[in-house]
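K.L.:
Starting off with a structure, shown below.
The values are calculated or read from the model by the stated rules, or taken from the named source; none is laboratory data. Computed from a predicted structure; not experimentally measured. As a convention, Cβ positions derive from the backbone with ideal geometry for all residues, glycine included, and neighbour counts pool all protein chains shown. For accessibility, only protein heavy atoms count, side chains too; no ligands or nucleic acids. Shrake-Rupley method; radii C 1.70, N 1.55, O 1.52, S 1.80 Å.
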Amino acid sequence: MAITHDIYDSGLLGLADGSIDWDDASDVAAVLLDDSYSPDLSAHSTYGDLSGEIDDADYSPQAVTGRAITLNGGSVDYTSDDVVFGSDVSIGARYIVFVQGDPSNLSSGDPLISVQDFGEMVSSTNAEYRVNMDGYWFRLSVSE
């Protein structure tokens, strides 16, 4: 299972021009999508472009807490706390997507930041559903 984390083109532009501010007081939401979603990093730019969001009573988008930006040599790491979607839930997902917006009131125009592909559907049954941040969610670096 190959886990990948990619930044949407519009998310990269938003991080670069400051319209998306990962570590400020604005909300960042994490949403879960099933395997019917097909990420298009160049065409998808807003929450309204997403499909396959989990439709289950145990699921709701979650706030991404503890966000930070850290200089790591010649790179910049984007981190946060792990994202927990519940401690006793039965849900499954293939993707987690970060959206700049209020998790309790996402709108179709809220900008997408990045998407992580778990490589397969990952489920919990009456258990915690946690997406671990392993070192960093994504890293920006200069390549020559």
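K.L.:
Mind telling me which of the residues 104, 90 ends up being assigned to a strand (DSSP E or B), open to solvent by 10 Å² or more (accessible area, probe 1.4 Å) and out of contact with any helix residue (DSSP H, G or I) (no Cβ under 7 Å at 6 or more places or on another chain)?
P.N.:
Unique residue meeting the criteria: 90.
K.L.:
In addition: Go through 120, 53 for me and flag whichever is open to solvent by 50 Å² or more (accessible area, probe 1.4 Å), in contact (Cβ under 8 Å) with a residue 40 or more places away in the chain and more than 22 Å from residue 21 (Cα to Cα).
P.N.:
120
K.L.:
While we're on this one: If you take the residues in the range 58-87 that are more than 19 Å from residue 122 (Cβ to Cβ), without any contact (Cβ under 8 Å) to a residue 40 or more places away in the chain and of a type outside the set (S, T, N, Q), which one is surrounded by the most Cβ atoms within 10 Å (Cβ to Cβ)?
P.N.:
Looking at residues that are more than 19 Å from residue 122 (Cβ to Cβ), without any contact (Cβ under 8 Å) to a residue 40 or more places away in the chain and of a type outside the set (S, T, N, Q), I get 66.
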